[in-house]
Amino acid sequence: MARLNDNYLKLAAGYLFPEISRRMNVFTAANPDADIIKLGIGDVVLPLSSSVRQAMHDAIDEMATPDGFRGYGPSEGYDFLREAIAENDFGSRGVRIDPSEIYASDGSKCDSANIQEIFADDSTLAVSDPVYPVYVDTNVMAGRTGAPDENGRYAGIEYLPCSEETNFMPALPDKPVDFVYLCSPNNPTGTVATKEELTKWVDWARANESIILFDAAYERFITEDHLPHSIYEIEGARECAIEFRSFSKTAGFTGIRCAYIVIPEELNGRDSGGDLVPVSKLWARRTNTKFNGISYPVQRGAEAIYSASGAKEVQANIDYYMANASLIKDGLSAAGFTTYGGVNAPYVWLKTPDGKDSWQFFDELLTKTNVVGTPGSGFGAYGEGYFRLSAFGVREKVEEAITRITKNFG
Ligand SMILES: *Cc1c(COP(=O)(O)O)cnc(C)c1O
């Protein structure tokens, strides 16, 4: 019989969202009239902007003509999209990224999952704790770890604790690692790295020949001007960092699918003989072998967020979510909770009251207010004692949730 990849069997059960659903179902079975408000899952709710919709319609119409029809496109994405990204997401902030350094894809989940393929099997890595689980699980699947311990931590991964004491920023690893994942603005904690903090990371990576995998899926939600949107705003980052960006949260593309990865020309790794090799060479090869690109209408839709009308519409949606985040943060603070995030990210990270653990608080919140959130412990051992509320909701529901929380906890 075919032998399977044992590494998959090391994965701790992906119990977080199934367990949330299970507890919700038990509750609604017992309380069929309860009006549940879900502020748990990080998915957008506002409809597509009209500029995006129009651009996608036009692209379909174009494809229905003999001259406008297109078959396979370039695996890395069409030049029109890569040029628009380079100019608008980077050039406008004074960051030099060439369109050829941009690879369009169908999601940052896949990109941040696939990137580990280009590193040697025995590479060492570090992640923050709490963490977006994709970074960890894909390295488990690739065989870079042992089995998980009772906290769900895998032997072979260096976990960097993020707590109140560290402002939810990870400290530098105490021994060199080959690559490290950073996510800023952070899911789940909602906190953002400053220029000073990122500079420390870039200096460390260059000194140790490490590569930083920088997930900036939430950069559009930054509201404070002094904070960096890209790691390439930091001197030297072109030599040590890969950046991930996504249209998912930025423009409501979670169901449309478009993202991209940036690999600067100067970024090198070493082969087994110790010679320098450009990382882009491997990623371009991988992309051309395993991927045939994202669809033309989707790329035209993505391009449309950079038009004058598209940019305005996309910003209005982000402002809407960030107004939700303020309502949640202010409401919780008024009710006596200690909160983090919610200012430059669509997530509020709250400290559970009275030393309750994350799941106890989940049950209490559900029972008393019928509001569903996400237990922090689902993101790692250091998430225990915390809880995530998402600002991706309809305004009236968010207001109602906060009213109930204030009434029951305030
Ligand atoms: C939502 C999210 C993404 C984006 O994923 P897509 O596959 O592009 O939808 C990336 N990173 C983090 C941390 C996220 O929360």
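Values quoted throughout were computed directly from the atomic coordinates according to the rules given, and no laboratory measurement underlies them. The structure presented is a predicted model; accordingly, all values stated were derived computationally and were not measured. Counting neighbours? That spans all protein chains shown, and the Cβs are built from the backbone with ideal geometry, glycine included.
Report the longest stretch of the chain that contains none of the chymotrypsin sites (Phe, Trp or Tyr not before Pro) sitting in a DSSP loop with at most 16 other Cβ atoms within 10 Å. The segment 73-290 is the longest one with no such site.
Mind checking which of Ser307, Gly410, Ile102 is farthest towards the positive end of the chain's charge dipole, using Cβ charges of +1 (Lys, Arg) and -1 (Asp, Glu) about the Cα centre? Result: Gly410.
Karplus-derived 3J(HN,Hα) values for the range 104-112, using 6.51 cos²θ - 1.76 cosθ + 1.60 with θ = phi - 60°, are 6, 8, 9, x, 6, 4, 5, 4, 6 Hz; glycine and proline are entered as x. Here the simple spin-label model places points 7 Å from the Cα toward Cβ, and for Asn288 and Arg96 these points are separated by 2.6 nm. Across the range 46-61, rounded Karplus estimates of 3J(HN,Hα) from the backbone phi angles (6.51 cos²θ - 1.76 cosθ + 1.60, θ = phi - 60°) give 6, x, 4, 6, 5, 5, 5, 4, 5, 5, 6, 4, 4, 5, 5, 4 Hz, Gly and Pro being marked x.
Shape annotation for the range 52-307: C-alpha extents along the principal axes are 59, 43, 36 Å, from largest to smallest.
With a ≥ b ≥ c taken as the square roots of the eigenvalues of the C-alpha gyration tensor of the range 134-268, please select rounded if a/c is under 1.5 and otherwise prolate if a/b is larger than b/c or oblate if it is not? Rounded, since a/c falls under 1.5.
Computed from point charges on the beta carbon alone (+1 for Lys and Arg, -1 for Asp and Glu), the dipole magnitude for the range 52-307 about its Cα centre is near 560 Debye. Antiparallel beta bridges, as assigned by DSSP with both residues in the range 52-307, represent about 45 percent of the total such bridges.
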